[in-house]
Amino acid sequence: MRVLRILTRTNLGGPARQMRALAPEFARLGVSQTIVVGSLAPGETALPLPAVEGSESVPVAELVRGFSPRSDRAALRALVRIAKECSPDVVHAHTAKAGALAVRLGHLTNLPVVHTYHGHVLRDYFSWPISRAFALVEKRLNRRRAAITCVSRSCGEELQALGVLDPEAWTVVEPAVLVRASGTRECLRERLGIGDQRAIAWCGRFENVKDPELFVHTALRLQAAGARLHAFGTGSRLAHCQDVADRLGASIVWHGADERFPEWIHAFDAFVSTSRREGYPVAAIEAHLAGVPVVAPRVPGFVDLEEDACGDGVRLVTREVDALACAALEAVPPTSGAMQAANARHAPARIAAAYVSLYERVATNPRRA
C-alpha cells in the first residue's frame with residue numbers, strides 16, 4: 001500500500017503529532033508513505049516527522065494556509081509531479097487547504113482521496129457570511145472524496161449540522177496518541193522549578209478560538225488560591241495575553257511552544273483548557289494518558305473525551321473563571337482503569353490498522369468507502 005499524505009503544515013498541533021505516532025505503525029503494516037508538508041506560518045514551531053523506513057517527507061513551500069491562488073496553483077503542480085513519481089494507491093489529506101488541493105489532485109490523477117477532519121473553522125473563527133461560504137465549498141469537496149473521517153463524534157455531528165457532511169458519509173477514527181515520560185514526576189517537577197505548590201498546565205495556540213484572555217483571568221483566580229498556571233504555546237495573541245497578565249499581576253510561567261509537552265505534562269497536578277471548541281484535543285488526551293486530571297468547558301471535542309472516559313479524570317464545567325478555577329483546584333486524577341482504556345482507544349497500532357483497512361477499501365472501490 002502506497003499513500004500520498006498531505007499536511008498543510010507540521011507545527012506542534014494535533015495532525016503532525018498524530019503522524020509522528022502513526023509513522024512506525026504504518027511501516028510495520030507495510031504502508032509506504034510520501035508525506036507532503038507545507039510551510040509554517042510566521043511564529044509557528046516545526047515538529048519534525050520521524051525518520052522511518054518506507055516514509056519520506058517532501059517539503060512544498062508553496063503549500064500555505066489561507067487564500068493564495070498563485071501559491072495554490074504552484075502547490076498543485078508540485079503535488080501532481082510528486083504523485084507521478086511515487087504512484088500512490090490513495091491520497092490522504094489533513095486540514096482544509098490540503099484537503100482542497102487533494103480533491104483537485106485526485107481529479108487530475110484519478111486517485112481516490114481520503115480526508116480527515118481534525119476540527120473545523122466554520123464556527124468561532126470568521127463572520128457568518130464567510131463561514132457559510134466555506135461550508136458550501138467543503139460540501140462540494142466532500143462529494144468528490146472517497147472517504148471522510150472525523151477525529152470525534154462531536155466534530156462530525158457539527159459538520160453534519162452545518163450541512164457539510166451527510167449522515168452516512170463519515171466515520172470516526174480517534175487521534176493516535178503516544179505519551180512517554182522522560183523521568184519521574186519528582187524529577188520533572190524539579191526541572192520545571194515547580195516545587196510543592198499545585199501546578200496546572202494550559203496548552204494551545206494563543207488565538208481567539210482558545211479564548212486565551214479567559215485563561216489569564218483563570219490563572220489569576222488560581223494564583224489567589226495558591227496554585228500556579230504554566231502556559232505552553234504561542235500565537236498571535238500571546239504578547240497581548242502577557243501584557244494583560246502583567247497588568248493584572250497574574251504570575252504565569254510562559255514556556256512557549258515546546259514539543260516536549262507530552263513529557264512535561266507528567267509533572268502537573270491538572271490540565272485546564274479555556275477553548276471555545278476542539279476537534280478532539282490531543283493535549284488533553286496526553287494529559288489523561290499521563291494520569292493528570294483534565295478540566296475544560298463543556299464544548300465540542302471535550303464532550304467526547306468525557307464520554308470516552310466516563311467522566312473518570314475528566315471534569316467539564318461552564319466556560320467561566322470561577323467554575324474552571326474551582327474545578328482545577330479540586331480535580332482528581334483518573335484511575336488506572338481509565339488510563340488503560342484510553343491507552344487502548346488511542347493506541348497508534350489500533351488507529352493505523354483502522355486507516356489501512358480504510359485505504360484498502362478505497363483503493364479497491366474508490367466510490368464512497
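One table, with the values for the structure above:
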{"read-out": "Filter result for Thr45 (surrounded by 23 or more Cβ atoms within 10 Å (Cβ to Cβ) and either touching a helix residue (DSSP H, G or I) at 6+ places or on another chain (Cβ under 7 Å) or within 28 Å of Ser71 (Cα to Cα) (or both))", "value": "no"}
{"read-out": "Residue match in segment 280-289 (condition: buried (at least 19 other Cβ atoms within 10 Å of the Cβ), over 25 Å from Leu49 (Cα atoms), in contact with a strand residue (DSSP E or B) (Cβ under 8 Å, 6 or more places away or on another chain) and not aromatic (Phe, Trp, Tyr))", "value": "no"}
{"read-out": "Test for Ala219: is it crowded, with 17+ Cβ neighbours inside 10 Å, modelled with pLDDT of 95 or more and either aliphatic (A, V, I, L, M) or farther than 30 Å from Pro42 by Cβ (or both)", "value": "yes"}
{"read-out": "Selection count where residues are crowded, with 23+ Cβ neighbours inside 10 Å, among the β-branched types (Val, Ile, Thr) and within 21 Å of Ser357 (Cα to Cα), scope segment 4-39", "value": "1"}
{"read-out": "Residue check, Asn110 among the polar types (S, T, N, Q), more than 23 Å from Ala353 (Cβ to Cβ) and surrounded by fewer than 20 Cβ atoms within 10 Å (Cβ to Cβ)", "value": "yes"}
{"read-out": "Residues of segment 137-159 satisfying the condition of being part of a loop (DSSP other than H, G, I, E, B) and under 18 Å from Lys97 (Cβ atoms)", "value": "Arg144, Arg145, Val151"}
{"read-out": "Pick from segment 172-209, criterion aliphatic (A, V, I, L, M) and in a loop (DSSP other than H, G, I, E, B), ranking: surrounded by the fewest Cβ atoms within 10 Å (Cβ to Cβ)", "value": "Ala181"}
{"read-out": "Long-range neighbours under 9 Å by Cβ, at least six apart or interchain, first residue closer than 16 Å to Arg189 by Cβ within segment 248-262, second of a type in the set (Lys, Arg) and part of a strand (DSSP E or B)", "value": "Val253/Arg228"}
{"read-out": "Residue among Glu190, Glu158 that is in contact (Cβ under 8 Å) with a residue 12 or more places away in the chain and either touching a strand residue (DSSP E or B) at 6+ places or on another chain (Cβ under 9 Å) or of a type outside the set (Val, Ile, Thr) (or both)", "value": "Glu158"}
{"read-out": "Qualifying residues in segment 39-94 (those that are modelled with pLDDT of 85 or more and among the hydroxyl-bearing types (Ser, Thr, Tyr)) - the one farthest from Cys203 (Cα to Cα)", "value": "Ser87"}
{"read-out": "Only listed residue being within 25 Å of Ser236 (Cβ to Cβ), in a helix (DSSP H, G or I) and not aromatic (Phe, Trp, Tyr), chosen from Lys97, Lys84", "value": "Lys97"}
{"read-out": "Conditions (1) in contact (Cβ under 8 Å) with a residue 40 or more places away in the chain; (2) of a type outside the set (Gly, Ala, Ser); (3) not in a loop (DSSP other than H, G, I, E, B); number of the one not met by Phe134", "value": "(1)"}
{"read-out": "Test: residue in segment 226-245 that is farther than 16 Å from Phe261 by Cβ, of a type in the set (Lys, Arg) and part of a strand (DSSP E or B)", "value": "yes"}
{"read-out": "Enumeration of residues in segment 166-189 that are aliphatic (A, V, I, L, M), out of contact with any Cys (no Cβ under 8 Å at 6 or more places or on another chain), at pLDDT 90 or above and under 19 Å from His94 (Cβ atoms)", "value": "Ala169, Ala176, Val177"}
{"read-out": "Candidate set from segment 306-336 (those that are in contact (Cβ under 8 Å) with a residue 60 or more places away in the chain and among the aliphatic types (A, V, I, L, M)); member that is surrounded by the most Cβ atoms within 10 Å (Cβ to Cβ)", "value": "Ala328"}
{"read-out": "Segment 28-71, residues that are assigned to a helix (DSSP H, G or I) and either small (Gly, Ala, Ser) or closer than 15 Å to Ala93 by Cα (or both)", "value": "Ser71"}
{"read-out": "Filter result for the condition that a residue is surrounded by fewer than 24 Cβ atoms within 10 Å (Cβ to Cβ), under 22 Å from Pro15 (Cβ atoms) and either assigned by TED's automatic domain parsing to the domain that holds Met19 or in contact with a helix residue (DSSP H, G or I) (Cβ under 7 Å, 6 or more places away or on another chain) (or both), over Phe271, Phe261", "value": "Phe261"}
{"read-out": "Set Ser55, Ser71: member being buried (at least 18 other Cβ atoms within 10 Å of the Cβ), under 20 Å from Pro175 (Cβ atoms), free of Cβ contacts under 8 Å to residues at least 40 places away in the same chain and over 20 Å from the mean Cα position of the chain (by Cα)", "value": "Ser55"}
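The values are calculated or read from the model by the stated rules, or taken from the named source; none is laboratory data. Quantities reported herein were computed from a predicted structural model and do not represent experimental measurements. All Cβ positions, glycine included, derive from the backbone under ideal geometry; neighbour counts span all protein chains shown.
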